[in-house]
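K.L.:
Next up is a structure, given as structure tokens.
Here, each number is a calculation from the coordinates, and none is a lab measurement. Being a predicted model, the structure only gives us computed values, none of them experimental. Methodologically, a virtual Cβ is constructed for each residue, glycine included, from the backbone with ideal geometry; neighbour enumeration extends over all protein chains shown.
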Amino acid sequence: MLELSILGFLAEEPLHGYELKERITALTGHVRPVSDGALYPAITRLVAAGRLDQHTEDGAGAAPRRVLTLTERGRADLLERLRRPKQAEITDHVRFNTVLAFLRHLPDPAEQSAVLRRRLDFLETPASFFYVGGEPVRAEREDDLFRRGMLQVARATGQAERAWLREAIAELTAPDRTG
């Protein structure tokens, strides 16, 4: 997820490390903050793999800044990651939002639609936070006020996301869009 975020933001414009960290933090929020101890080693790996270039520019203060840019190899890697997200990037809400944030970089509407279909298929599989006898517990059958609240909010959120996914897939696969 971190490397996808780095590649995705740098596909939009060159950035220095601090700017990149701020954008990733804004995307993932307090749920999964990015630390320097994770970000800079990931940048180093991507530079070593030829996916990023870096050069030094004068900073706003006295210290110079490393500015990062996406290479053609990096762009190809980004597109491949967007075409074929890992299963956890489909099933985990925060990770899926990261994919969604950069899906516009994938030029083919059919490929974009295929990613959205994977998420929709996942969301249409009956699931719950809680199970009894292997069966998902539904909100209306939960006696605990707080668990019932979790289930009701998850249901409403899931319904809204499924509706948006269906609309987006329809728009991406409309004859005037694909033809």
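K.L.:
Quick check on the chain: helices-only [θ] at 222 nm, where DSSP H runs of length 4 and up contribute -39,500 (n - 2.57) each and the sum goes over total residues. Nearest 500, please. Before the final figure, lay out each step's value.
P.N.:
Numbers: 9 runs with 111 residues, N = 179.
Calculated from helices alone, the mean residue ellipticity at 222 nm is -19500 deg cm²/dmol.
K.L.:
Positive end of the charge dipole of the range 39-176 (Lys, Arg +1 and Asp, Glu -1 on Cβ, about the Cα centre): tell me which of Leu70, Trp164, Ala154 has its Cα farthest that way.
P.N.:
My answer, from the dipole projection, is Leu70.
K.L.:
So who's got an amide H within less than 5 Å of the one on Val67, skipping anything under 5 residues away but keeping other chains? H placed 1.01 Å off N, in plane.
P.N.:
The list, which skips near neighbours in sequence, is His55, Thr56, Glu57.
K.L.:
Also, quick follow-up: HN-Hα J couplings of the range 148-159 from phi, Karplus 6.51/-1.76/1.60, θ = phi - 60°, integer Hz, Gly and Pro as x?
P.N.:
Residue by residue, the range 148-159 yields 4, x, 4, 5, 5, 5, 4, 4, 5, 5, x, 4 Hz.
K.L.:
Over the alpha-carbon set of the chain, work out the extent along each principal axis and list the three values in angstrom, largest first.
P.N.:
Per principal axis, max minus min of the Cα coordinates gives 62, 45, 26 Å.
K.L.:
Tell me the volume per residue, in Å³, of the convex hull enclosing the alpha carbons of the range 55-98.
P.N.:
99
K.L.:
On to the next question. What net charge is computed for the residues neighbouring Arg104, neighbours being all others with C-beta under 12 Å from the C-beta of Arg104, Lys and Arg scored +1, Asp and Glu -1?
P.N.:
Computed value for this residue: -3.
K.L.:
Using θ = phi - 60° and the Karplus curve 6.51 cos²θ - 1.76 cosθ + 1.60, what whole-Hz ³J(HN,Hα) does each residue of the range 42-48 get, with Gly and Pro shown as x?
P.N.:
3J(HN,Hα) across the range 42-48, in whole Hz: 5, 4, 4, 5, 5, 5, 4.
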